[in-house]
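**Student:** A single structure is presented below for examination.
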Amino acid sequence: QMILFFIQNNLAVESAASWYTVMAGIALLGAISSTPAMTWASKRFGRPATLTFVLGSISVVFLVCFFIPFDSARGILYLVAPFLGVCLAVPYVIPDAMLGDIIDHDELLTGERNEAMYTMVETNVQQLVEILLGVATMSMAAAGFENLGGCKCGCGVACAGRQRR
């Protein structure tokens, strides 16, 4: 979802919705095509090793992307979109399967099935991340962040001092 804001606010593109639709389609293809590879790697190398490799690889890609001036080379976004799709797929392919392994291992050790407790802990951790992101957003607002780059006319970019492309 953040890619829509990036396209709208940083690229100064009038057709942000069409850019977003294309990017979402490419990301979806990336998610679909990466799922069999992650499943195969999980079986071959183990889920923790696969998760570590995938997260490390994606981190390197996005670290490199941090230094790319996308406003002068917009087409590179199409190369980044499949990695966004991997980010969409990886939380469902590997960690959820790891949770099942943890629940089964606990049952072997204790003789009791405690999947409700583990699922509740996982859900609470996800909610904690959302709460922290909400606090970060409120902190940005308190520091003077302006939505839509300070746009007053609705185009989505700072109107003064910025040329349209």
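The values are calculated or read from the model by the stated rules, or taken from the named source; none is laboratory data. Fair warning: this is a prediction, and the values are worked out from it, not measured in the lab. Quick reminder, even Gly has a Cβ in these numbers, built from the backbone with ideal geometry, and neighbours come from all protein chains shown. Protein only, heavy atoms only, side chains kept; ligands, DNA and RNA dropped before computing areas. Shrake-Rupley method; radii C 1.70, N 1.55, O 1.52, S 1.80 Å.
**Student:** Among Leu88, Leu79, which is the only one that is under 18 Å from Ala27 (Cα atoms) and within 10 Å of the chain's Cα centre (by Cα)?
**Tutor:** Of the residues listed, the single one that is under 18 Å from Ala27 (Cα atoms) and within 10 Å of the chain's Cα centre (by Cα) is Leu88.
**Student:** Kindly indicate the residue of region 34-66 that is among the polar types (S, T, N, Q) and in contact with a helix residue (DSSP H, G or I) (Cβ under 6 Å, 6 or more places away or on another chain) and also surrounded by the most Cβ atoms within 10 Å (Cβ to Cβ) among those meeting that condition.
**Tutor:** Within region 34-66, the match that is surrounded by the most Cβ atoms within 10 Å (Cβ to Cβ) is Thr50.
**Student:** When you look at Cys87, is it in contact with a helix residue (DSSP H, G or I) (Cβ under 8 Å, 6 or more places away or on another chain), at pLDDT below 95, farther than 28 Å from Ile102 by Cα and among the hydrophobic types (A, V, I, L, M, F, W, C), yes or no?
**Tutor:** No.
**Student:** Name the residue that is most open to solvent (accessible area, probe 1.4 Å), counting only residues in region 10-27 that are out of contact with any helix residue (DSSP H, G or I) (no Cβ under 8 Å at 6 or more places or on another chain) and of a type in the set (Ser, Thr, Tyr).
**Tutor:** Thr21
**Student:** Same structure again: Could you run through region 30-48 and say how many residues are part of a helix (DSSP H, G or I) and more than 16 Å from Val86 (Cα to Cα)?
**Tutor:** Summing the residues that are part of a helix (DSSP H, G or I) and more than 16 Å from Val86 (Cα to Cα) in region 30-48 gives 4.
**Student:** Which condition does Gly30 not pass, out of (1) modelled with pLDDT of 90 or more; (2) within 24 Å of Val129 (Cα to Cα); (3) small (Gly, Ala, Ser); (4) surrounded by 12 or more Cβ atoms within 10 Å (Cβ to Cβ), if it passes all the others?
**Tutor:** For Gly30, the failing item is (2).
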